[in-house]
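Visitor: Have a look at the structure that comes next, please.
What follows draws every value from the coordinates through simple rules; no lab data is involved. Note that the coordinates shown come from a computational prediction; the quantities given were computed from them, not determined experimentally. Ideal geometry is used to build each Cβ from the backbone, glycine not excepted, and the neighbour counts take in all protein chains shown.
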Amino acid sequence: MRKLMNKITNFITLKSIQSIITVSFAIITVIAMVFVSVILSGKFSSTAKQNISRSTMQVIEQVGFNIENYKNSMIDIVNLIDESINKVNTTNSPDLIEKLDVILDMRDDIVSIALFSDKGNLIMGDPFSKLKNNADIVNQEWFIKAVENNGEVFISSPHVQNLFEVKHNWVISLSKAVTFNQGSEKINGVLLIDLNFSSIEQLCQKVSLGKRGYMFIVDSKGNFIYHPQQQLIYLGLKNEDVKDVLKTSYGTITQYIDREERLATVKTIGNSEWKITGISYLDEFYKTKKDITNFSVLILLFAMVFIVLIFIIISAKITKPIRQLDNSMKKLEEGDFNTTVHINGDKEVVHLAKTFNIMVSKIKQLMEQIVVEQEAKRRSELNALQAQINPHFLYNTLDSIVWMAENGKIEDVITMVTSLARLFRISISRGKNIITVKEEIEHAKNYLIIQKIRFKSKFRFNIEVEEEVLQYKTLKLILQPIIENALYHGIQYMVEEGVINVSAKTVDNKLLYEVTDNGLGIKPEVLENILSYNSKENGGAGVGVRNVHERIQIYYGKEYGLEIQSELEEGTRVKFWLPIEKDENDEK
């Protein structure tokens, strides 16, 4: 049970809401339907047995009523014949014989009518008048019981009547002690009427108790008054258990005969000792029950499929807005902050959708705010780094001027001071970050002049600029850091003379700066990551390649920036890609 509960818990944890709703309700419905089916099946079985018992009882009560009427009618005939005998002076009276003949003609079920003296002598017999030689009348059960009953009619059990020479019939004997006149003498005797089974058989054979059911009648001693297979019972070819029947006056009992279950419904006929019993076989009921069960199973399966389909449709309708919300959340996880949810449905789900939209909007605003703040922060850092150029470079330049003045190099001092003044004029640019290409090139030129004097003709430089690009707008102080990098890392340690070339032109509708040198070059492992990692420059500008690249991309976008090519011992080429800007576009 614990494992089953764990599996159900895991299923509910891992599956979707729609699956949980569908499976849960389907399982609950199926369990409820099976539970109800089991209860109804048990109730059906109990009710069916009660109905079988009730219907059988109704049948045998009707049959019992008819048999009771038949018995009473036969007793009335016995009493009528008794009265007729008492009215005549002799048993040979033609009126009496005529009356008996009429009764025999009217009643086919009467086999014979006979009158015996108390000594067992045959006084009168119709239609049989001759007894067998060895007939022992006084020891017959019907004779003894008639005498003992003192005027009451005795009804015997079925037996073979073999008193007369003509016929041996299975009969039921009705006997009564009577008094008849024989001349002037009153003689005691016994009136005997033998009945065949025709009437009782007709009453019982008309009854239908299923395909195999039947009815039988027994007396208090278990003798069969009627049975549809009575001959087989007497021959020992069929067994009929009447023990429980004899113990029951009225009601239904369950019997198991030859491994078959059957219901025996018993009723005692009137005030007599006869018991009429109806036998119903339950295998017919079970067959009907099986058919009903199979039909119920089909209905149950159809209902289960129908219910599952209904639950799938309902759960899909319920979970559709939730799935839409889930899909939007997945898009949000993938970085799509432009996603929104428009859901119509339950107010709880609509509220979730509105909350989700508000959350996405706030996240988007916060991210945009973070981007703006980070860009502002980065610009401030780059501006601070850019500002650091002035005091550091100024210190080195002034130191060089002092040294040249002490050595009497007045012309070099004048050139360096003039270039330094122009350099700082452009660097300040009244606080602007965007200047013309002409100013940027002039700034780079003055820087190269100063450094050429300081490095004592360690290198030479060339500057080539297309005329049309001079008035284009550009981010200021982007050439100087790269030139500084070329001097300190490419040319400073060379034996031969270094060469730095600077150019500006338009290519593919873009502004292109190029700074090339014939210095030592950049190692491949450094070149591979130079635009991805900050590199600390030794001396010089203090602003590295990475900072220039970031400044360009911050101002103009990711499609612009630096492109570096370098070979060891061959030199380095740095390309600056910027957009063409002809109008005033001052940095805020």
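Visitor: Please give the net charge around residue 415, taking every other residue with its beta carbon less than 10 angstrom from that of residue 415, where Lys and Arg add +1 and Asp and Glu add -1.
Guide: 0
Visitor: Averaged over every viewing direction, what's the projected area of the C-alpha convex hull for the range 142-279? Give it in nm², one decimal, please.
Guide: Over all viewing directions, the range 142-279 projects a mean Cα-hull area of 10.6 nm².
Visitor: For residue 178, which sequence-distant residues (separation of 5 or more, or a different chain) have an amide H within less than 5 Å of its own amide H, given hydrogens modelled in the peptide plane?
Guide: Those qualifying (amide H under 5 Å, at least 5 residues apart or on another chain) are 189, 190, 191.
Visitor: Under 13 Å Cα-Cα from residue 432, which aspartates and glutamates qualify once same-chain neighbours fewer than 8 residues away are excluded?
Guide: 440, 584, 586, 587
Visitor: Which peptide among 436-445, 255-264 comes first, and what is the full order, when sorted by highest mean count of other Cβ atoms within 10 Å?
Guide: 436-445, 255-264
Visitor: Over 28 Å between C-alpha atoms is what I'm after, so list which of 409/575; 132/238; 145/247; 438/575; 523/582; 473/575 land there.
Guide: 409/575; 132/238; 523/582, as the Cα separations exceed 28 Å there.
Visitor: Hey, another quick one. Show me the ranking of peptides 239-248, 27-36 by mean Cβ neighbours inside 10 Å, starting with the highest.
Guide: The packing order, highest mean first, is 239-248, 27-36.
Visitor: Packing-wise, with mean Cβ within 10 Å as the measure, how do 309-315, 481-487, 462-468 rank, highest first?
Guide: Put in order of decreasing packing, that is 481-487, 309-315, 462-468.
Visitor: Percent of Cα-Cα pairs per 5 Å bin, from 0 to the last occupied bin, for the range 126-168, please list those.
Guide: Over the range 126-168, the share of Cα pairs per 5 Å bin runs 5, 20, 24, 24, 20, 7, 0 percent.
Visitor: Can you list the HN-Hα couplings for the range 518-529, worked out from phi with the Karplus curve (6.51, -1.76, 1.60; θ = phi - 60°), rounded to whole Hz and with x for Gly and Pro?
Guide: 10, x, 6, x, 10, 4, x, 5, 6, 4, 4, 10
Visitor: Now, a different point. For residue 333 and residue 510, compute 0.36 nm times the residue count separating them, minus their Cα-Cα distance, and round to one decimal in nm.
Guide: Separation in residues times 0.36 nm, less the Cα-Cα distance, equals 60.1 nm.
Visitor: Quick one: 3J(HN,Hα) in Hz for the range 207-217, Karplus 6.51/-1.76/1.60 with θ = phi - 60°, rounded, Gly and Pro as x.
Guide: 7, 10, 10, x, 6, 10, x, 7, 9, 9, 10
Visitor: Hey, can you grab everything whose amide H is under 5 Å from the amide H of residue 128? Only 5+ residues off in sequence or another chain; H modelled, so Pro and N-termini drop out.
Guide: 113
Visitor: Can you run phi through the Karplus equation (6.51, -1.76, 1.60; θ = phi - 60°) for the range 172-183 and list ³J(HN,Hα) in whole Hz, with x for Gly and Pro?
Guide: Running phi through 6.51 cos²θ - 1.76 cosθ + 1.60 with θ = phi - 60° gives 10, 9, 10, 10, 8, 6, 9, 10, 10, 9, 10, x Hz.
Visitor: Taking the simple approach of a point 7 Å from Cα along Cα-to-Cβ for both residue 556 and residue 133, what is their distance in nm?
Guide: The two pseudo-label positions are separated by 15.6 nm.
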